[in-house]
Amino acid sequence: MPLIAHTNLPTFQRLREEGEEIIDPQRASLQEIREIHIGLLNMMPDAALEATERQFFRLVGACNQIAQFHVHPFTIDGLKRSPEAQAHIDKYYEPFSQIKIDGLDALIISGANVTGEFLPDEDFWQPLTEVFSWAKENVTSILCSCLATHAIIHYCYGVARTRLPEKRWGVFSHTLVDRTHPLVVEINTRFDVPHSRFNEIFQRDMEQNGLRVLATSAEAGVHLATSPDGFRIVFFQGHPEYDDISLLKEYKREVLRFYHGEIAHYPPHPEHYFNAEVKVIFAEYEQNVITAKNQQLPLPIFPESEVSLFMDNTWRDTAKAVFNNWLGLIYKITHQDRRLPFMDGVDPQNPLGL
């Protein structure tokens, strides 16, 4: 069902231009359809701030539940912002203080960039835990993405993430280890998910703390898990919200870091992402960049337009299905008053009756 353009956030217009169904509040007021209010705590750095909005808005809008979806983006202190990004936030984002008053039916917490190894030392740690603590008492379900998953598991269960020997990034095949859970009903039993991270929380650590692991990869580890009750907190270690070119843009940023001397070695390709034609193009480009760096020449133009058509999205359908299941379950058990998490008769300790 459609997203409601209840503010002038530019993401709504971008999605409308892509063919997504976006309706204005006046038209929405004429429809006798239940509203679902979803918060998006966007902690991503400036370069990915608006792209993250579009990615999560798009997944919510693809849900086929009979509801009108109002997405409320907000952020927290402790995240460095450029003047341009801060202006965007000031103009279009809602203050958390108002969100607490109005209430939410669901909350999505994005990933973030970090400066150190120990998450509780990050400037955003205290504001993040304040949002989570409020949501745990007042929101039907919280969906955590990547870094947010690591932070919330650390906060709730005392499990610190483990630094990997090298960056794990690419598109990896996953299988369902629990095919009966309502979140994964009617999705493929084997599916792809992009990952991009230096750290991991392992399956054994999740299961030792009672988390329900739903989908894993032999190469990339756990992607999908839930809190012990099966629904109040949903954990993604991967990035099913990514666009087909998200990893390509990340690869471009890594190449720039190499050229400017921020990293010592030329970045490897994201795994299982580039096909044979793209690998040939980037092999030649790598030699051109190394030559330019050694001879202090201008950086060669990144061949994004040349390779973009080769970038396949092999995860979007499954991502939409999981979001559809998640929002459908929320629709069934959340209270019509978005300030209350559950309708009468729902057990907060076992909301799905699992």
Within region 13-23, residues being touching a residue at least 12 places away in the same chain (Cβ under 8 Å) and surrounded by 14 or more Cβ atoms within 10 Å (Cβ to Cβ) number 5
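Is it the case that some residue within region 115-123 is assigned to a helix (DSSP H, G or I), assigned by TED's automatic domain parsing to the domain that holds ILE76, crowded, with 18+ Cβ neighbours inside 10 Å and at pLDDT 95 or above?
Yes, there is a match, as at least one residue in region 115-123 is assigned to a helix (DSSP H, G or I), assigned by TED's automatic domain parsing to the domain that holds ILE76, crowded, with 18+ Cβ neighbours inside 10 Å and at pLDDT 95 or above.
Which count do you get for residues in region 171-196 that are β-branched (Val, Ile, Thr) and in a loop (DSSP other than H, G, I, E, B)? If you could, list the steps in order and put the result at the bottom.
Kept after step one, since they are β-branched (Val, Ile, Thr), are these residues of region 171-196: 171, 175, 177, 180, 184-185, 187, 189, 193.
With the extra rule that they be in a loop (DSSP other than H, G, I, E, B), the set shrinks to 177, 180, 185, 187, 189.
Residues in region 171-196 being β-branched (Val, Ile, Thr) and in a loop (DSSP other than H, G, I, E, B): 5 in total.
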What helices (runs of 4 or more DSSP H) completely inside region 264-354 contain at least 1 residues that are basic (Lys, Arg), surrounded by 14 or more Cβ atoms within 10 Å (Cβ to Cβ) and in the same structural domain as HIS174 (by TED's automatic domain parsing)? 316-333
Name the residues in region 197-212 that are buried (at least 18 other Cβ atoms within 10 Å of the Cβ) and in a strand (DSSP E or B), would you? ARG197, ASN199, GLU200, ARG212
Name the one entry in ARG179, ARG163 that is over 27 Å from HIS70 (Cα atoms), without any contact (Cβ under 8 Å) to a residue 40 or more places away in the chain and out of contact with any Lys or Arg (no Cβ under 8 Å at 6 or more places or on another chain). ARG179
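Here are GLY78, GLY111, GLY103: which of them is on the phi > 0 side of the Ramachandran plot, touching a helix residue (DSSP H, G or I) at 6+ places or on another chain (Cβ under 7 Å) and surrounded by 15 or more Cβ atoms within 10 Å (Cβ to Cβ)?
GLY103
Tell me, yes or no, whether region 282-289 has at least one residue that is within 24 Å of CYS146 (Cβ to Cβ) and of a type in the set (D, E, K, R). Spell out the reasoning first.
The first filter runs over region 282-289 and keeps only residues within 24 Å of CYS146 (Cβ to Cβ), leaving none.
The answer is no, given that none of the residues of region 282-289 is within 24 Å of CYS146 (Cβ to Cβ) and of a type in the set (D, E, K, R).
The values are calculated or read from the model by the stated rules, or taken from the named source; none is laboratory data. Remember, it's a predicted structure, so these values are computed and weren't measured experimentally. Here Cβ is always computed from backbone atoms with ideal geometry, including for glycine, and neighbour counts include all displayed protein chains.
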